[in-house]
Amino acid sequence: MKVDLGPITRIEGHLNVHTTVENNVITDAQCMGEMFRGFEVFLQGRDPLDAQQITQRICGVCPYAHAIASSYAQENAYQLKVPSNGRILHNLIQGANHLYDYLLQFYQLSALDFVDVTAILKYKGKDADLLHLKGWVQAELASGKPFPAAPFLPRLSGNYINDTDLNIGALKHYIEAMHIQQKANRAAAIFGGKFPHTTAIFPGGATQTPSIDKISNYVALITEVRNFIHNTYIPDIVAVAGGFPNYWNIGASKGGFLSYGLMPLTSDRNSKRLMAPGVLLDGTVQKVDFERITQDINHSKYSSPTALKVRDAVLTPAPHKKDAYSWIKAPRYNGRMVEVGPSARIMVDYLQGHNPTVKKLVETFAKMAKIQASQLNSVLGRHLCRAISAAVIADFLLAETERLDPKGPTMADLSVPASAEGFGATEASRGGLLHYIRIEKHKIARYECVVPTTWNASPRDDQGNPGAMESALIGTKVTNPEEQLEALRIVHSFDPCIACAVH
Ligand code: NFE
């Protein structure tokens with residue numbers, strides 16, 4: 001039986017997934033990015049210093065990751081020496097965006113795959129937020145509309161938490177998380193000027209001065225976010241894991257893992273980072289080599305006369321191409337499929353014994369849940385690794401503020417050469433993000449973004465092998481083949497952003 005699961009909601013952008021189900025098992029899956037955007041086309045001919053501004057418009061969720069990757073690419077191209085304040089301000093702005101994004105992903109986008117929102121009708125307490133939610137639901141019902149309505153759709157049939165108090169507690173956190181996300185965004189705006197789409201991030205640093213009042217406001221906001229992560233977010237992940245332990249064994253992708261590492265610790269962008277880069281293939285972590293990344297297009301709606309190395313791809317949109325089913329390209333590392341994202345980031349760091357907090361948290365949770373580190377490759381693993389990332393990043397941001405020098409420079413001296421090229425890589429919240437810029441005659445001659453969801457939601461590659469999310473779906477047992485709540489939980493665990501994926 002063939003099932004069209006689209007449009008998939010509670011994600012960013014237009015994603016469809018087609019599955020084939022035989023005897024209640026998904027035997028085939030195709031992930032489809034259903035729109036074309038063309039950022040890499042219209043960046044050509046622009047001023048290079050427009051790039052970190054324009055690429056932010058790829059997405060309203062992770063704009064700062066694009067600004068950072070673009071700035072790193074330009075810093076490498078211009079051979080800039082970034083002052084310590086510049087590095088720290090980049091980290092503070094990008095890190096606050098990560099914290100916002102993890103809370104959004106878990107509470108607003110994924111939690112309702114497990115929490116029963118209809119439990120609110122049984123609420124008898126006095127909490128103003130919950131009464132407001134209950135009243136809103138009752139009004140929807142009184143108007144004759146089916147319930148649940150947006151934004152609580154889809155609500156597929158299946159096994160939700162069935163304890164009323166637990167469900168209502170989770171709904172309370174659902175609402176609280178929105179207030180906390182606002183604080184993370186305000187913190188990002190202190191040094192970024194605004195959210196989303198900062199004007200402050202530049203190649204070589206940031207345009208904001210780290211005055212004492214800005215630092216103390218930032219610390220106050222991030223401290224509140226950090227406390228929510230420890231007191232609410234992590235316990236909620238543990239509760240979901242306790243209620244649905246089979247999801248440690250559901251949704252594993254069947255390839256390798258890639259992380260570019262996150263947040264430079266020194267002014268040399270390419271030196272040590274808070275979380276270590278690496279590519280995990282066949283059980284060993286290797287150094288990342290950008291030259292080994294290609295983007296296959298056999299099943300993507302593009303044509304090209306060249307080999308698809310990041311630096312030299314020439315692509316033409318081909319909407320009617322035979323056997324092409326997605327506007328997403330298929331990035332591969334050395335021809336191999338890899339997953340990017342929180343599980344990749346944490347496993348690559350953990351297996352290198354790099355960050356002591358990552359090691360401690362992985363081992364604590366593995367012991368608590370009685371799992372192996374390899375089970376971080378699963379639905380629950382991705383949720384847990386986001387929470388571990390959040391905890392590590394929040395503490396790091398608070399420590400970084402102490403290293404700011406309110407009187408020091410925040411920007412490198414900058415001049416754009418007539419011709420140059422550079423790669424810039426970071427971890428966006430959804431995974432490894434690579435930008436490449438080539439400048440000729442002072443203008444952008446070529447720009448390429450290899451984006452997290454492009455890896456994870458890729459279609460088949462030139463050898464016919466599935467992308468990470470497709471491979472995670474194939475082999476999954478589903479209770480109700482027409483709805484496939486299990487498939488939705490797998491897709492949401494990747495947190496796909498199709499605006500980014502197609503860019
Ligand atoms: Ni549009 Fe993004 C992140 C980037 S995902 S959200 O995180 O880069 O592909």
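A short reminder: the numbers here are calculations on the coordinates, not readings from a lab. As the structure is a computational prediction, the values presented were derived from the model and not from experiment. Because the Cβ atoms are built from the backbone with ideal geometry, glycine has one as well, and the counts that use them run over all protein chains shown.
Things worth noting here:
- Cα centroid separation - the stretch 317-332 against the stretch 163-177, whole Å: 41 Å
- Prolate/oblate/rounded label for the stretch 90-177 (Cα gyration tensor, a/c 1.5): prolate
- Theoretical ellipticity at 222 nm over the chain - DSSP helices of four or more residues, -39500 (n - 2.57) apiece, nearest 500: -11500 deg cm²/dmol
- Order of Lys254, Lys329, Lys441, Lys322 under a 10 Å beta carbon neighbour criterion, fewest first: Lys322, Lys441, Lys254, Lys329
- Comparing Cα centroids, the stretch 402-448 and the stretch 52-112 end up 12 angstrom apart.
- Whole-Å semi-axes of the ellipsoid equivalent to the stretch 160-268 (Cα gyration tensor, √5λ, descending): 34, 22, 11
- A Cβ-based charge dipole, computed about the Cα centre of the chain with Lys and Arg at +1 and Asp and Glu at -1, lands at about 420 debye.
- Mean Kyte hydropathy of -1.0 or more with a Cα span along the axis of at least 30 Å, helices from DSSP in the chain: 164-192, 379-401
- Ratio Rg/Rh [Cα only; Rh per Kirkwood] for the stretch 1-158: 1.10
- DSSP bridge orientation in the chain - percent antiparallel, rounded to nearest 5: 90 percent
- The stretch 250-356, relative contact order in percent, only Cα pairs under 8 angstrom and at least six apart counted: 32 percent
- Cβ-to-Cβ counts within 10 Å put His435, His18, His179 in ascending order as His179, His18, His435, the fewest first.
- Rounded if a/c under 1.5, otherwise prolate or oblate - the stretch 269-364, Cα gyration tensor axes: prolate
- Here the ratio of the Cα radius of gyration of the chain to 2.2 N^0.38 Å is 0.95.
- Stokes-Einstein D in µm²/s, Kirkwood radius over Cα pairs - the stretch 359-402 at 37 °C with 0.692 mPa s viscosity: 293 µm²/s
- Positive dipole terminus of the stretch 307-455, leading residue within Ala324, Val348, Ser419 (C-beta point charges): Ala324
- Amide H contacts of Val25 (H built 1.01 Å from N, under 5 Å, at least 5 apart or other chain): Val478
- Largest first and in whole Å, the equivalent-ellipsoid semi-axes of the stretch 288-339 read 20, 13, 7, each the square root of five times a Cα gyration tensor eigenvalue.
- Relative contact order %, the chain, counting alpha carbon pairs below 8 Å whose residues are six or more apart: 27 percent
- Ordering of 449-461, 405-417, 285-297 by burial proxy (mean other Cβ atoms within 10 Å per residue, highest first): 449-461, 285-297, 405-417
- Residues with amide H under 5 Å from that of Asn334, placed H, sequence gap 5 or more: Ile293, Thr294
- Gyration tensor (alpha-carbon) shape descriptor, the stretch 1-86, a/c threshold 1.5: prolate
- Whole-Å semi-axes of the ellipsoid equivalent to the stretch 360-480 (Cα gyration tensor, √5λ, descending): 36, 28, 9
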